[in-house]
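Read the structure below first, then the notes.
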Amino acid sequence: MQLVQKTHLRFALLVFVAKLMLLTGCTGLRNEVDPGQLGAESAKLVVSGFLCPQDTLLAIRVSRSNTVVGDSISLLQPGIIVPNATVTLSEGDRSVVLPYYKVRPSADSAYSISAKLLPIIAGRTYKLMVVTANGQKATSTCTIPEAVAPSVVKFDSLIEQSRTQPKRYYIRVLWKDPVGQTNAYQVAGIFRYTTATNIRESKYTSLSFDDDNRGLFTDVGIDGDTIYSGRAFLTPSSSSIINQQATFYNQYNTASVTVNLLSVDQSYYRYQEAVIRQRRSRGNPFAEPVIIPSNIEGGLGCFAGYNNATLIRRFK
């Protein structure tokens, strides 16, 4: 009996010593790390701006990035707006300095000026230079693409299984890609309408295309061919204001689609394509991280050019 008690006592002692060693080891793994040893970089300039011949205002947004090492609150904040930089746009021997305009909300504040002071012309290269009061400098260039006009806006419908909405109406956009050059595109647009119950009150919704890249295209592998967009369904801002059983033409007093085909440069395409992939993986812990490309020398961001061609189709 005494032998059994001694055996149990020795076993309990061994378990106690093992737990003590485990706790001591876990405590030893916790060490305070000097943030200076992490090699954290200082905040960088974040610059964004898109030039287009059809725009009436040239605008550049300048902010500073948040550093990785910092308090938990600062990590949740957007980049800090930089209001005291010198922002210069130039083309050839012409240049303009963009003054800073503060608006509400502050995220919309930007350096801007009338496009009449530096017209944006297809085929020309524009240079951006940003210099802050403390000496930080960021530069970039972009070349404005030639416009490519949309050829056709096709209108069609599909049969739904739902009894409340037997048909869904949509449009697709077609255009001819120029031969022998690298091109990229962004398709956008607006559906404008007045319903049969409105007293000539105009309403509109933005078009959303259902292709893989949400209206973003490149001509890789299809150079010189006709390009088809995905479908953009024509739906009112509130489905309760229309008769779901009525045909498309009976639902509206007036209806039209304005399609914008943006011919974009490669910096614009790579930036937007990465943003789309990042949004797809949001909330997925197993998704590979998406690195957003930057063409800003001395900082982060995107400075790019595009050209807009418009086609309007009126249905009623």
Checklist outcome for this item: Per the filter on the range 94-132, residues modelled with pLDDT under 95 and part of a loop (DSSP other than H, G, I, E, B) are Lys102, Val103, Arg104, Pro105, Ser109
Next on the checklist: Looking for something surrounded by 16 or more Cβ atoms within 10 Å (Cβ to Cβ), under 23 Å from Thr143 (Cα atoms), in contact with a Ser or Thr (Cβ under 9 Å, 6 or more places away or on another chain) and in the same structural domain as Gly180 (by TED's automatic domain parsing) - is there at least one such residue anywhere in the range 229-248?
Outcome noted: no
Checklist entry - Is it true that some residue in the range 215-226 is out of contact with any His (no Cβ under 9 Å at 6 or more places or on another chain), of a type in the set (Ser, Thr, Tyr), surrounded by 15 or more Cβ atoms within 10 Å (Cβ to Cβ) and not in a loop (DSSP other than H, G, I, E, B)? => result yes
Checklist entry - Yes or no: Thr182 part of a strand (DSSP E or B) and either at pLDDT 85 or above or farther than 23 Å from Lys316 by Cα (or both)? => result no
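The values are calculated or read from the model by the stated rules, or taken from the named source; none is laboratory data. Computed from a predicted structure; not experimentally measured. Cβ: placed from backbone, ideal geometry, glycine included. Neighbour counts: every protein chain shown.
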